[in-house]
Amino acid sequence: MANLIEIKNVSHAYRTKAGPLPVLDGLEIAVPEGEFAAVVGPSGCGKSTLTRLVAGLMKPDSGEVWLHGERVTTPRKTVGMAFQNPVLLEWRSILDNVILPLEIVAPRMGQKDRVARAMQLLEMVGLAGFEGKRPSQLSGGMRQRASLCRAIVHKPDVLIMDEPFGALDNFTREDLWQTMRDLRAAEPFTCVLITHDLRESVFLGDQVIVLSGRPARTQHVLTVDLPADRTLDVLYEPKAQDMLHLLRDQIRIAQGRDGAEGAH
Ligand SMILES: Nc1ncnc2c1ncn2[C@@H]1O[C@H](COP(=O)(O)OP(=O)(O)OP(=O)(O)O)[C@@H](O)[C@H]1O
Ligand SMILES: [Mg+2]
């Protein structure tokens with residue numbers, strides 16, 4: 001399968017008052033079309049920087065970012081993004097928030113078609129009946145569901161998510177994981193998910209990429225060979241437990257601690 005995203009030998013340093021701060025150091029990532037890549041790594045290692053590069057919001061000092069066979073040098077409309085804070089517009093209804101990207105990307109699309117597309121997604125994530133509400137009238141989990149709909153309403157090539165479930169309680173988060181899998185079963189888009197939750201990375205990912213501490217390198221790539229139609233129960237099976245152990249060890253290495261220290 002062709003790679004939809006390719007990050008080749010990417011290095012970057014931010015210019016700060018105290019001098020250059022190297023954040024990425026020869027990063028290599030490849031995500032085949034339709035696959036889900038989860039990215040984990042120590043706090044501050046450069047994960048959000050990576051999302052900005054893929055979206056074309058910044059250019060690296062060196063190396064190349066490719067999306068769908070094209071070199072990324074400018075912001076992309078074909079990238080959908082979701083963040084920890086759903087950033088929905090309070091003066092718009094949930095429906096109008098979800099429609100927003102279509103107004104920008106597909107200005108000639110009729111309002112009826114826009115509404116139909118948005119409602120299709122809102123139904124899929126269990127928000128039918130809430131389309132007329134304002135964001136503040138919804139729970140955190142519902143807002144995040146709406147923000148996922150908005151991120152994919154225009155059928156982007158890739159959905160990039162930067163810790164989208166990080167602010168939710170455990171049970172709500174697990175519900176959202178299942179919603180994410182349902183959405184992808186209906187529309188198989190390519191995904192990059194930044195997360196610090198190892199269970200989330202194994203449940204959602206086809207591959208889990210472990211980044212080293214700053215400046216980030218690709219330290220380890222784990223192929224998640226669990227059934228495509230997995231449910232949460234799969235996380236309690238020995239195969240998944242082995243993967244979680246391996247990832248825990250990799251994070252310890254990334255944090256510069258060895259396994260013997262074991263505190264985490
Ligand atoms: N625009 C910027 N200018 C200068 N330094 C920056 C800038 N953006 C990020 N940094 C620094 O670069 C490093 C990597 O930041 P980044 O946000 O990519 O890390 P992260 O892995 O997403 O962190 P976290 O796990 O806390 O979300 C951090 O030390 C951060 O302080
Ligand atoms: Mg971040």
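The values are calculated or read from the model by the stated rules, or taken from the named source; none is laboratory data. The structure displayed is predicted, hence computed values, not measured ones. A quick note on method: Cβ atoms are made from the backbone with ideal geometry, for glycine too, and the neighbour counts reach across all protein chains shown. We work out accessible area using only protein heavy atoms, side chains counted, and drop any ligands, DNA or RNA first. Shrake-Rupley method; radii C 1.70, N 1.55, O 1.52, S 1.80 Å.
Of the solvent-accessible surface of the chain, computed with a 1.4 Å probe and all protein chains present, 51% belongs to carbon and sulfur. Using C-alpha pairs below 8 Å separated by at least 6 residues, the relative contact order for the chain is 25 percent.
The lysines within cross-link reach of LYS8, meaning a Cα-to-Cα straight distance under 27 Å and a gap of 8 or more places when in the same chain, are LYS47, LYS59, LYS77, LYS155. Distant-in-sequence amide contacts of VAL158, defined by a placed amide H-H separation under 5 Å and a gap of 5 or more residues or a different chain, comprise GLY80. In a fully extended conformation the segment linking HIS68 and GLU28 would gain 12.8 nm over its present Cα-Cα distance, using 0.36 nm per residue. Between ASP233 and ALA128, the C-beta separation translates, for a Förster distance of 30 Å, into a calculated FRET efficiency of about 0.60.
What FRET efficiency, computed as 1/(1 + (r/R0)^6) with R0 = 22 Å and r the Cβ-Cβ distance, is obtained for ARG108 and ASP157, rounded to the nearest 0.05? Let's see the in-between values first.
Details: r = 20 Å, r/R0 = 0.92.
With R0 = 22 Å, the Cβ-Cβ based efficiency is 0.65.
Among GLU237, GLU64, GLU187, the largest mean-square fluctuation in a Gaussian network model of the chain (Cα springs under 10 Å) belongs to GLU237.
After finding the eigenvalues of the alpha carbon gyration tensor for the chain, what semi-axes result from the square roots of 5 times each, listed largest first in whole Å? All intermediate terms of the calculation are to be shown ahead of the outcome.
Values: eigenvalues 185, 106, 59 Å².
Whole-Å semi-axes of the equivalent ellipsoid: 30, 23, 17.
For region 63-202, the calculated P(r), taken from all Cα-Cα distances in 5 Å bins from zero up to the bin holding the longest distance, is 2, 10, 20, 23, 21, 14, 7, 3, 1, 0 percent. Note on region 35-101: Rg/Rh from Cα positions, Kirkwood definition for Rh, rounded to two decimals, is 1.03.
Only helices at least 15 Å long along their axis, Cα-based, and averaging -0.5 or more on Kyte-Doolittle count here, so list those DSSP H runs from the chain.
The qualifying helices are 94-105, 140-152, 238-254.
Label sites at SER43 and MET58, each approximated as a point 7 angstrom past Cα along Cα to Cβ, lie 2.0 nm apart. Springs between Cα atoms under 10 Å define the GNM used for the chain, and in it the highest mean-square fluctuation of PRO135, PRO60, PRO107 occurs at PRO107.
Remark: region 83-156 carries 49 Å² of accessible area per residue (probe radius 1.4 Å; ligands, DNA and RNA excluded). Of the residues VAL234, ALA82, GLY26, the one whose Cα sits farthest toward the positive end of the charge dipole of the chain, with +1 on the Cβ of Lys and Arg and -1 on the Cβ of Asp and Glu, is ALA82.
Treating each Cα of region 83-156 as an identical point scatterer and summing with the Debye formula, the log10 of I(q)/I(0) at q = 0.13, 0.23 Å⁻¹ comes to -0.31, -0.99.
What's the extension gain from PHE171 to ARG248 if we count 0.36 nm per residue and subtract their Cα-Cα distance? Write out the running numbers ahead of the final one.
Working: separation 77, 0.36 × 77 = 27.72 nm, distance 2.18 nm.
Here the answer is 25.5 nm.
Treating only the Cβ atoms of Lys and Arg (+1) and Asp and Glu (-1) as charged, compute the dipole magnitude of the chain about its Cα centre; round to the nearest 20 debye. Show your work: numbers first, answer last.
Details: 31 positive and 33 negative charges, 213 e Å.
Its charge dipole is roughly 1020 debye.
Values of log10 I(q)/I(0) for region 144-235 across q = 0.17 Å⁻¹ run -0.78, by the Debye formula with one identical scatterer at each alpha carbon and no solvent. Taking the helices alone, the chain has a mean residue ellipticity at 222 nm of -10500 deg cm²/dmol, built from -39,500 (n - 2.57) per DSSP H run of at least 4 residues and averaged over all its residues.
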